[in-house]
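What follows is a short report on a single structure.
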Amino acid sequence: MNDKLFQAIERRRDDLVALTAELIRFPTINPPGEAYTPCAEYIAQRLRKSGFETELIRGEGTPGDSDRYPRTNVVARFDGRTPGKTVHFNSHIDVVEAGDGWTVDPFGGDVKDGRVYGRGACDMKGGLAASIISAEAFMEVFPDFPGAIEISGTVDEESGGFGGVAYLASKGFFSKPRVDHVIIPEPLNKDRICLGHRGVWWAEIETKGSIAHGSMPFLGDSAIRHMGAVLDAFEEELFPALDRKQTVMPVVPEGARRSTMNINSIHGGQTEDFFPGLPSPNVADSCRTVIDRRFLLEEKIDEVKGEVTTILDRLKRERPKFDYSIRDVMEVQPTMTDRDAPVVTAVADGIRAIFDREPEYVISPGTYDQKHIARIGHLFECIAYGPGILDLAHRPDEWVGIEDMVESAKVMALSLNTLLRGT
C-alpha cells in the first residue's frame with residue numbers, strides 16, 4: 001500500500017510544481033498584507049475540488065486588519081468515513097518583502113534546474129503545496145480512512161501570527177476535540193523534525209530626558225546619552241552573562257543553543273521625516289529601544305525580565321536624572337514537544353522509510369505559529385516538518401527543490417497513514 005501511496009504522489013509531481021508556482025505568484029507581502037484574500041480563495045477553490053469543506057475566516061480586529069488589508073485565512077476539512085483522529089496541516093501564506101538582489105522575478109514562480117524560485121518558495125508555499133498533494137494522494141489510496149484531515153492557509157506569521165493562527169486558536173480551531181495532531185510544514189530540511197522553539201520576550205525601553213536648545217545642552221538632559229549608558233551596561237554585563245547560558249534543547253544552529261538578545265531598533269530625538277538630514281536643534285527628551293530577547297527552556301520569564309530591570313534600576317540609583325519606562329511588546333514561552341508524542345513518532349517513521357536514516361530532532365532558534373497552538377489552543381501534539389532549507393528564507397533568489405517537496409509529501413502521507421489508520 002505504501003507503493004501505491006508513493007505512486008499517487010509521483011503522478012502528482014507536475015501538479016505539485018504548478019501549485020507551488022501558482023501560490024508564489026500571489027504577492028502576499030506582509031506588511032501590509034497584500035493579496036491575502038485572493039490567495040486564500042485560490043486555496044479554498046483547489047481544496048473544494050478535492051472534496052474538502054472550506055471556510056474563509058477574517059481575523060477581525062487583529063493588528064493590521066482593515067477593509068483594504070483584511071486578514072483572510074482559509075481552513076479546509078475532509079471527514080473520513082468513520083470517526084477518528086484529526087490531523088491538521090497548517091501553513092502560513094504571508095511572505096516578507098522581496099528586497100533587492102534577485103536574478104529572477106520574485107513573484108514569477110520560475111521553474112528551472114529542479115527548483116521553484118520565488119519569494120515564499122521555501123518559506124513556506126512549497127510546504128503548503130506538499131501538504132495538499134500528500135492529503136489528496138492519501139485520500140485517493142485510502143478512501144475509507146477514519147478520522148479527518150484539515151489544511152489551513154493562515155496569515156501574518158511573519159509578524160507574529162496574531163491575525164492568523166492566534167485568532168483561529170482563540171476560536172477553537174486548534175484545540176481538542178476538533179484537532180488531535182498538527183504538522184506545520186516550515187522549511188527545516190526534509191529529514192529533520194522540529195519539536196519547538198526558544199522563548200521570546202520583546203520589550204520597549206524608553207529613557208527620559210529634558211528638552212533644551214542644542215547649543216546649550218547643559219540646560220537640558222539628553223535621553224540619548226541615558227540610553228547610551230543602558231547599552232553600555234548591556235555590553236559589559238548582560239551580553240556576556242547570556243553567552244554563558246547553555247541549553248539541553250537541540251537548537252539549530254549551534255550558536256543559538258544559548259541565550260541571546262538583539263537590539264531591534266533605536267529611536268531618539270526629534271523626527272527627520274519632514275527634513276531628512278536636518279533634525280531640530282534640540283536635546284532629546286526621549287529615546288526608545290526595542291529589545292528582542294530569546295530564552296531557553298531552563299530559564300523563567302521573570303528571571304529573564306529581571307536581568308534587564310536590575311540594570312535599569314541600578315542606573316536609576318547611580319546615574320543623575322536617569323529615568324526609564326519599560327513596556328512588554330510580546331512574550332512567548334519556549335516549547336518542546338516530547339519525542340515520543342504520536343505526531344513525532346509518525347513523522348519519524350516516515351523519514352526512516354523514505355531516507356533510510358534516523359531523523360534529526362531540532363529546535364528552532366526563532367518562534368513560529370506553534371507558539372499559539374500551545375499557549376492558546378493548549379494542544380501540544382504539534383511539530384514543524386517540511387521541505388526547504390531555512391537558510392534560503394527571506395533571501396534573494398529563494399527556492400525550494402522539487403525532489404525535496406516530493407519526498408516530504410511522501411513523509412507526510414505516511415504520517416497520515418500512521419496517525420489516522422494506525423498502519
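For H394, what accessible surface area do you get with a 1.4 Å probe? Give it in Å², rounded to 10.
90 Å²
Could you compute the net charge surrounding V165? Neighbours are other residues with a C-beta less than 10 Å from the C-beta of V165; K and R count +1, D and E count -1. Don't jump to the answer; show the numbers that get you there.
Values: positive: K371; negative: D156, E157, D369.
Within the 10 Å Cβ shell, the charges total -2.
Report, to the nearest whole %, how much of the accessible area of the chain belongs to carbon and sulfur atoms, 1.4 Å probe, protein only. Write down the numbers at each step before the final one.
On the way: 8920 of 18010 Å².
Looking at the chain in its full context, I get 50 percent from C and S.
Lys/Arg Cβ at +1, Asp/Glu Cβ at -1, dipole of the range 1-109 taken about the Cα centre: which of A40, F78, I29 is farthest positive-ward?
The Cα lying farthest towards the positive end belongs to F78.
Angle check, please: helix 36-49 long axis (alpha carbons) against the longest principal axis of the chain (alpha carbons), in degrees 0 to 90, nearest 10.
20 degrees
Could you give each residue of the range 118-135 its phi-based ³J(HN,Hα) in whole Hz, using Karplus coefficients 6.51, -1.76, 1.60 with θ = phi - 60°, and x for Gly or Pro?
x, 5, x, 4, 8, 10, 9, 6, x, x, 4, 4, 4, 5, 5, 4, 5, 5
What is the sum of charges around E206, taking Lys and Arg as +1, Asp and Glu as -1, for the other residues whose C-beta is under 10 Å from the C-beta of E206?
Net local charge, E206 excluded: +1.
Could you work out how much longer the chain between M1 and D243 gets when fully extended? Use 0.36 nm per residue separation minus the Cα distance between them, nm to one decimal.
Numbers: separation 242, 0.36 × 242 = 87.12 nm, distance 5.05 nm.
The M1-D243 span can extend by a further 82.1 nm.
Provide I183, I402 ordered by accessible surface of protein heavy atoms (probe 1.4 Å), highest first. Write down the numbers at each step before the final one.
On the way: I183 0, I402 25 Å².
Highest to lowest solvent-accessible surface, that is I402, I183.
Provide D302, D156, D144, D110 ordered by accessible surface of protein heavy atoms (probe 1.4 Å), highest first. Don't skip to the answer; put the middle values down first.
On the way: D302 120, D156 5, D144 95, D110 55 Å².
Largest to smallest exposure gives the sequence D302, D144, D110, D156.
Can you give the angle from 0 to 90° between the axis of helix 342-355 and the longest principal axis of the chain, with both taken from C-alpha atoms, to the nearest 10?
So the helix axis and the longest Cα principal axis differ by about 70 degrees.
Taking the alpha-carbon centroid of each part, what is the distance from the range 13-29 to the range 82-100 in angstrom?
14 Å
Let a ≥ b ≥ c be the square roots of the eigenvalues of the Cα gyration tensor of the range 1-141; is it rounded (a/c under 1.5), or, if not, prolate (a/b larger than b/c) or oblate? Before the final figure, lay out the partial values.
Details: a/c = 2.68, a/b = 1.22, b/c = 2.19.
Here the range 1-141 falls in the oblate category.
Between their Cα atoms, which of K125/K300; K85/K245; K176/K305; K85/K300; K49/K410; K49/K171 are more than 31 Å away from each other? Provide the component values of the computation, followed by the final result.
Numbers: K125/K300 35 Å; K85/K245 40 Å; K176/K305 33 Å; K85/K300 34 Å; K49/K410 21 Å; K49/K171 26 Å.
Listed pairs above 31 Å: K125/K300; K85/K245; K176/K305; K85/K300.
Among the DSSP beta bridges whose two residues both lie in the chain, what percent are antiparallel, rounded to the nearest 5? Provide the component values of the computation, followed by the final result.
On the way: 49 of 70 bridges.
Expressed as a percentage, antiparallel bridges in the chain total about 70.
Decide, for the range 142-195, between rounded, prolate and oblate: order the square roots of the alpha carbon gyration tensor eigenvalues as a ≥ b ≥ c, take rounded if a/c falls under 1.5, and otherwise choose prolate if a/b is larger than b/c, else oblate. Please list the in-between numbers first.
Numbers: a/c = 2.22, a/b = 1.16, b/c = 1.91.
The shape class here is oblate.
Sum up the charges of everything whose Cβ sits under 11 Å from the Cβ of I183, counting Lys and Arg as +1 and Asp and Glu as -1, but leave I183 out. Mind showing how you got there, number by number?
Details: positive: none; negative: E150, E186, E381.
Around I183, the charge tally is -3.
So what's the angle, to the nearest 10 degrees on a 0 to 90 scale, between helix 223-233 and the longest Cα principal axis of the chain?
Helix 223-233 sits at roughly 60 degrees to that axis.
Would you mind getting the accessible area per residue of the chain, heavy atoms of the protein chains only, 1.4 Å probe, in Å²?
Details: 18010 Å² over 423 residues.
Value returned for the chain: 43 Å² of accessible area per residue.
When the helix-only estimate is applied to the chain (DSSP H runs of n ≥ 4, each -39,500 (n - 2.57), divided by the residue count), what is the mean residue ellipticity at 222 nm, nearest 500 deg cm²/dmol? Could you put the intermediate results ahead of the total?
Numbers: 11 runs with 127 residues, N = 423.
That calculation yields -9000 deg cm²/dmol at 222 nm.
Checking the a/c ratio against 1.5 first, then a/b against b/c, what shape does the Cα gyration tensor give for the range 85-213?
oblate
Report, by chain and number, residues whose modeled amide H sits under 5 Å from the one on T86, excluding near sequence neighbours (fewer than 5 apart, same chain).
A148, D180, H181
Give me Rg/Rg_expected for the range 330-403, where Rg uses Cα atoms only and Rg_expected = 2.2 N^0.38 Å with N residues. Write down the numbers at each step before the final one.
On the way: Rg = 14.4 Å, N = 74, 2.2 N^0.38 = 11.3 Å.
Taking the Cα Rg and dividing by 2.2 N^0.38 Å, one obtains 1.27.
Let me spell out the model: positive unit charges on the Cβ of Lys and Arg, negative unit charges on the Cβ of Asp and Glu, origin at the Cα centre of the range 69-160. What dipole size does that give, in debye rounded to 20? Before the final figure, lay out the partial values.
Values: 8 positive and 15 negative charges, 62 e Å.
In debye, rounded to 20, the range 69-160 gives about 300.
Quick check for me: using +1 on Lys/Arg Cβ and -1 on Asp/Glu Cβ, what's the dipole size of the range 330-421 about its Cα centre, in debye to the nearest 20? Working shown, then result.
Values: 8 positive and 15 negative charges, 60 e Å.
Once rounded to the nearest 20, the dipole reads 280 debye.
Run the 1.4 Å probe and let me know the accessible area of Y167, rounded to the nearest 10 Å².
Accessible area of Y167: about 40 Å².
The values are calculated or read from the model by the stated rules, or taken from the named source; none is laboratory data. The model shown is predicted, which means the values in this text are computed figures rather than measured ones. All Cβ positions, even for glycine, are placed from backbone atoms using ideal geometry, and neighbour counts span all protein chains on display. Heavy atoms of the whole protein, side chains included, go into the accessibility calculation; ligands, DNA and RNA do not. Shrake-Rupley method; radii C 1.70, N 1.55, O 1.52, S 1.80 Å.
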